[in-house]
Number of protein chains: 2
Amino acid sequence: MNYVNKGRLAHDQVSELTTNRLSVYLRCLNQVIDGAGVTTVSSQLLADQFGLNAAQIRKDLAYFGEFGVRGVGYYVKDLRGNLRQILGLDRHLRVAIMGAGNLGLALADYPGFRQEGFEIGGLFDVANEKIGQESRGGVLTYDVKELKRLARRERFDIAMIAVPASRAQPVVDLVVSVGIKAILNFSPGVLKVPNNVKLKGVDLTVSLESLSFFLAQDNAGG
Amino acid sequence: MNYVNKGRLAHDQVSELTTNRLSVYLRCLNQVIDGAGVTTVSSQLLADQFGLNAAQIRKDLAYFGEFGVRGVGYYVKDLRGNLRQILGLDRHLRVAIMGAGNLGLALADYPGFRQEGFEIGGLFDVANEKIGQESRGGVLTYDVKELKRLARRERFDIAMIAVPASRAQPVVDLVVSVGIKAILNFSPGVLKVPNNVKLKGVDLTVSLESLSFFLAQDNAGG
DNA sequence: TTTTGTGAACTAGTTCACAGCT
DNA sequence: AGCTGTGAACTAGTTCACAAAA
């Protein structure tokens, strides 16, 4: 541990809203770095530039340590390093994608994942015609029966679920059984996992229907 | 309007957390209908079966009308109809997908969208080799320059943004300029839209990094 | 009796505003 | 002077608990 822990993390539970924002802050810093050669940045500047709240940025960061310098702001490179460490991006996380359909293949080649240091270790499917095939980006599809064997060798940290809804629960059970502790689920519907496994859902139908609601109200309400 | 409005919708703003849950409730009801021939369901039963809170279900629904019967529960088919109407799914919404890369093509063929009555009207891209091509599911890719002309004819309600991050803002500006009022953004980063346009983001990097955070804490904290 | 609909109580999350450091 | 870090105030969201209705 390089950042000041303050002994909180073992006690309180950090809100998911906060962890999501940490990821956003990191992206903002990367953009700042890509831009002109600024070495420091204030919470106010970040807030203005990216539509955030300055106090919230400070509070989120202060939770993990005192990264800033009063009167100056945050040293961009230092803060970036600290955020990467807090988010666990200094490790090399390996991802298994369950389901080599359209969505699974798209996720396998999604450039944003590799950029932040995630490695897609393989696709897993039941369909014989898919097994042995590679995605455009070169990710190989394995028989789902091989997951157990490969999980040992490849040490998968995260699984993404991109199988049809009806197959999602058994696939999640399998993923949990091989010791994977973090799951990103793209299939619609509720899934059960043990408490020591973190499940995060990306629900496309809910997102789209929420937009539909907005349009319906908009047209009705005037 | 078939459901009791109570005149609230024009005044208060419904929380996005609530609208997301409405979509979840609808999916739960669909599953209940697929199962045994039950005609009524109580908030408690839904809560138990899908890991929700009964009071919250009742409160969310009560906001839009009195759909339940005391001592009985909710008539499943009626409630389903009311939810579909509230969410605007009784209309026929048309979707344009900006970007015919891996992700755009996967979205175009995603079965969950069609299932709830959304129609994918076309993919739009700048790459000449993609224009005129069809997705596996038969969605045609048009030149992005055609958006304006086609938007008039096809009356797109919703746009999904699946272009690289660097192209996202100009593409959103274009989408807004042709009169589309609801946008689902899959590209990472902050986008600006006028207030009368609803922008919703699905941020894959943030989701994955949030899982990474969990793993980092888990291993560090014991 | 059962279960809704809802005020009240509670919990979580955000923003303000300023002391304190550089 | 400028900006962080943070208690206090505020706002939003959830859950409780019960009166009212079937």
Rounded to a whole number, the mean other protein chain Cβ count within 10 angstrom for residues of A:177-188 is 3
Relative contact order of segment A:111-174 (C-alpha contacts under 8 Å, at least 6 apart) in percent is 23
With one decimal in nm and the nearest listed first, the spacings from residue B:167 to its own position in the other copies, using label points 7 Å along Cα-to-Cβ, are 3.1
Contact order relative to length for segment B:93-206, counting C-alpha pairs under 8 Å separated by 6 or more residues, stands in percent at 24
Each label sits 7 Å from Cα toward the beta-carbon; between residue B:166 and residue B:195 the label points are separated, in nm, by 3.5
From the cross-link list B:59/B:181; A:148/A:181; A:77/A:181, the entries with a Cα-Cα span beyond 20 Å are B:59/B:181; A:77/A:181
Relative contact order in percent for chain B (Cα pairs under 8 Å, 6+ apart) equals 14
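Restricting to DSSP loop positions (anything but H, G, I, E, B) with no more than 11 other Cβ atoms inside 10 Å of their own Cβ, which GluC sites (Glu not before Pro) remain in segment B:105-154?
Filter output for segment B:105-154: B:129.
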Chain B to chain A by rotation: the residue of B with the beta carbon nearest the axis and the rounded distance in Å are B:106, 2
So, with points 7 Å from each Cα along the Cβ direction, the residue A:178-residue A:129 label distance in nm works out to 2.4
Quick calc, residue A:92 & residue B:66: beta-carbon distance into FRET formula, R0 56 Å, rounding 0.05, result 0.50
Cβ-Cβ cut-off under 10 Å around residue B:99, Lys and Arg +1, Asp and Glu -1: the net charge is +1
With label points set 7 Å from each Cα along the Cα-to-Cβ direction at residue B:36 and residue A:42, the distance between them in nm comes to 6.6
Taking the alpha-carbon centre of each part, the distance from segment B:154-170 to segment A:115-143 in Å is 28
Checking segment A:66-156 for trypsin sites (Lys or Arg not before Pro) in a loop per DSSP with at most 12 other beta-carbon atoms within 10 Å yields A:70, A:136
Rounded to the nearest 500, the 222 nm mean residue ellipticity computed for chain B from DSSP H runs (n ≥ 4, each -39500 (n - 2.57)) alone is -13500 deg cm²/dmol
For residue A:128, inter-copy label-point distances (7 Å, Cα→Cβ), nm, shortest first, read 4.3
Hydrophobic long helices for chain B, i.e. whole DSSP H runs reaching 20 angstrom or more by Cα along the axis with Kyte-Doolittle mean at least 0.5, come out as B:204-221
Here the correct list, in nm and shortest first, of distances from residue B:78 to the same site in the other copies, label points 7 Å along Cα→Cβ, is 6.5
Computed about the Cα centre, the charge dipole of chain A from +1 Lys/Arg and -1 Asp/Glu charges at the Cβ has a magnitude in debye, to the nearest 20, of 740
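Each value in this text was obtained by applying a stated rule to the coordinates, not by laboratory testing. Since we're looking at a predicted model, the values are computed, not measured. Methodologically, a virtual Cβ is constructed for each residue, glycine included, from the backbone with ideal geometry; neighbour enumeration extends over all protein chains shown.
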